[in-house]
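This report concerns only the one structure given below.
The values are calculated or read from the model by the stated rules, or taken from the named source; none is laboratory data. Quick caveat, the model's predicted, so the values are computed rather than measured. In this analysis, Cβ positions are derived from the backbone assuming ideal geometry, glycine residues included, and neighbour counts consider all displayed protein chains.
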Amino acid sequence: MKKFKEKLSGRVFFVLALSTISALVLITVFIFVNGMPLIAEVGLFNFIFGMSWAPEQGQFGIFPMIVGTVSVTLGAALLGIPVGICCSIFMAEFAPAMMKNIFRPAIQLLAGIPSVVYGFWGLIFIVPAISTHLGGVGMSILAGSIILAIMILPTIISISEVSLLALPRTYKEGALALGMTHWQTIRHVQLPAAKSGIVAGVILGIGRAVGETMVVIMVLGNSVALPESILDSVRTLTTNIGLEMGYAAGRHRQALFATGIVLFVIIMILNISAQYITRKKVK
Amino acid sequence: MKRLIITLIILSAGFASSCAARGETNVIVSGSTSVLPYVEILVEEYRILYPEYGVGIQGGGSSAGILAAVSGFADIGMSSRALNEDERDLWSSEIALDGLAIIIHPDNPVDNLSMQQLRDIYTRRITNWSEVGGRDARIHIIAREAGSGTRSAFQDLVMEGEVIHQRAIVQNSNGAVRQLVSGNRDTIGFISLGLAEPQPGLRPVKALQLDGVAPTRENVLNGSYGLYRAFLFVMPEAPEGYVGHFIDYILSEEGQQLLIGEGLISVSGRIG
């Protein structure tokens with residue numbers, strides 16, 4: 001009887017674990033089945049590099065949105081990565097215990113704020129500020145980058161900090177014993193040793209920025225044109241789906257699923273490279 | 001744990017009963033998502049007044065709604081566009097008119113645009129407010145997303161086959177367009193006429209005259225303001241029985257007042 005119970009529990013867990021995988025398979029298959037016909041019809045090259053998105057006129061080119069996604073993500077990375085890494089170094093190396101007790105929960109709280117709240121705050125605060133001080137409407141790459149940079153901070157900070165703290169104590173002790181200063185130790189020993197973990201954190205942060213939808217719908221302005229400056233409005237791949245799914249039918253709907261395929265592939269590449277980099281560290 | 005199970009049972013019982021209620025639905029209305037929110041409000045009132053009649057509503061778009069009515073999947077199709085050649089033989093009734101207002105910031109000195117100027121602004125042949133009598137500033141055009149009924153109405157009524165410029169900022173609701181225009185002096189947008197009127201707690205916007213005609217309900221009704229569309233109920237034959245009862249309610253004084261309250265224009269003044 002006991003043996004039976006043991007066996008049964010194993011099976012139950014297996015089935016439940018399987019359901020996670022099958023959800024992934026189901027969603028993937030569904031996206032591809034719905035999106036591929038349009039890509040086949042328009043042609044992969046025309047779809048990805050097409051400059052004009054006018055579903056009602058039968059034009060399905062998402063290149064401006066790819067540029068939009070890349071530019072907003074790049075902006076967020078430029079703003080967020082230096083701040084995030086410096087913050088993690090501070091937490092791992094400099095902060096006294098009392099400050100750690102303030103910083104760590106605060107950063108966790110930052111991760112817990114729902115994205116719609118970030119977006120609303122950006123719409124009410126950042127967008128008008130940009131419009132007043134720099135001109136234009138304010139809905140722009142800059143606005144999106146600032147908010148996304150804040151949103152990816154917790155990911156970058158926590159993963160970088162963990163990988164800094166996971167280094168063997170002997171690295172630091174050895175470097176100090178050789179006469180290095182604290183900063184030299186961080187710069188030449190600890191950061192290089194923790195590099196793979198930090199890079200993985202950065203990639204996961206970037207993945208979050210690429211996949212974010214609600215915030216960018218609210219503050220990017222959603223124009224489907226190539227941006228000429230960081231004050232121009234752009235549309236990202238996620239926004240395109242979120243914005244137009246309500247009314248889309250027929251080929252328009254297929255085109256949104258096809259946008260999803262492109263997004264899916266980008267996120268997949270980011271996640272796999274993050275995994276690959278962390279795994280290399282273990283070896 | 002026990003409590004959790006009991007809660008689940010109660011919840012599922014609730015679901016089951018609400019499904020059963022839907023099963024008794026008499027009239028099924030299907031179609032345009034522009035008309036849908038207004039019909040939802042009508043149906044709420046109708047259910048209170050006549051609990052013995054059931055009405056179910058579905059979205060899907062004008063064309064899908066008309067098709068559903070023709071094929072019998074729905075009793076009534078909702079349409080926010082005019083009927084095309086193939087659909088002329090169907091029975092249809094205008095339930096209300098929805099005007100389109102062209103809105104700008106109240107501080108913008110421009111009061112009037114010609115239809116041609118409006119088209120030139122949305123194709124970006126005109127890019128500066130000084131070209132239409134305003135101050136020297138770039139015009140930021142705001143549009144709705146592809147597929148929206150309001151966008152397609154603007155496209156049909158204003159653009160004459162040309163396409164709204166890709167540089168247009170795109171917002172996905174009337175409210176978002178209004179919000180943006182009310183906060184920026186150099187923007188121009190289009191929204192439902194009723195929503196352009198002053199609203200408590202919201203910053204005001206200015207609705208432009210078109211070719212010298214102010215966007216008012218009267219000017220829509222007498223035909224001088226051209227930017228409006230009709231919301232239609234479409235079905236294969238003239239309604240009778242409970243379907244007729246629902247349509248009679250919408251066209252009644254009471255139903256029309258409800259729609260006016262939501263910013264639409266009553267058809268009773270025009271048809272009489």
*A:PRO64: closer than 23 Å to A:SER223 by Cα and at pLDDT below 90, yes or no?*
no
*asked:* Of all residues being under 24 Å from A:GLY136 (Cα atoms) and assigned to a helix (DSSP H, G or I) in segment A:210-230, which is farthest from the other protein chains (Cβ to nearest Cβ)? Just the residue, please.
replied: A:VAL215
*Can you find even one residue in segment B:51-61 that is modelled with pLDDT under 90, of a type outside the set (Lys, Arg), loosely packed, with under 14 Cβ neighbours inside 10 Å and more than 17 Å from B:LEU227 (Cβ to Cβ)?*
yes
*asked:* Which pairs turn up if I take residues in segment B:148-176 that are without any contact (Cβ under 8 Å) to a residue 24 or more places away in the chain and within 11 Å of another protein chain (Cβ to nearest Cβ) and look for partners that are in a helix (DSSP H, G or I) and loosely packed, with under 15 Cβ neighbours inside 10 Å with beta carbon separation below 9 Å, at least 6 apart in sequence or on another chain?
replied: B:ARG151/A:GLU56; B:GLN155/A:GLU56
*asked:* Considering only segment B:29-45, I want to know if a residue exists there that is crowded, with 20+ Cβ neighbours inside 10 Å, in contact with a Ser or Thr (Cβ under 8 Å, 6 or more places away or on another chain), part of a helix (DSSP H, G or I) and of a type outside the set (Ser, Thr, Tyr).
replied: no
*Subset of segment A:93-114 that is in a helix (DSSP H, G or I) and of a type in the set (Gly, Ala, Ser) - its residue that is surrounded by the fewest Cβ atoms within 10 Å (Cβ to Cβ)*: A:ALA97
*Is it fair to say B:ARG119 is surrounded by fewer than 19 Cβ atoms within 10 Å (Cβ to Cβ) and touching a strand residue (DSSP E or B) at 6+ places or on another chain (Cβ under 9 Å)?*
no
_Being outside the structural domain of A:GLY260 (by TED's automatic domain parsing), surrounded by 14 or more Cβ atoms within 10 Å (Cβ to Cβ) and aromatic (Phe, Trp, Tyr) narrows it down to one residue among A:PHE120, A:PHE90, A:PHE60; which is it?_
A:PHE60
*asked:* Looking at segment B:202-211, can you tell me whether even one residue there is within 18 Å of the chain's Cα centre (by Cα) and over 23 Å from B:GLY133 (Cα atoms)?
replied: no
*Taking segment B:186-201, which residues are closer than 21 Å to B:TRP129 by Cα and assigned to a strand (DSSP E or B)?*
B:THR187, B:ILE188, B:GLY189, B:PHE190, B:ILE191
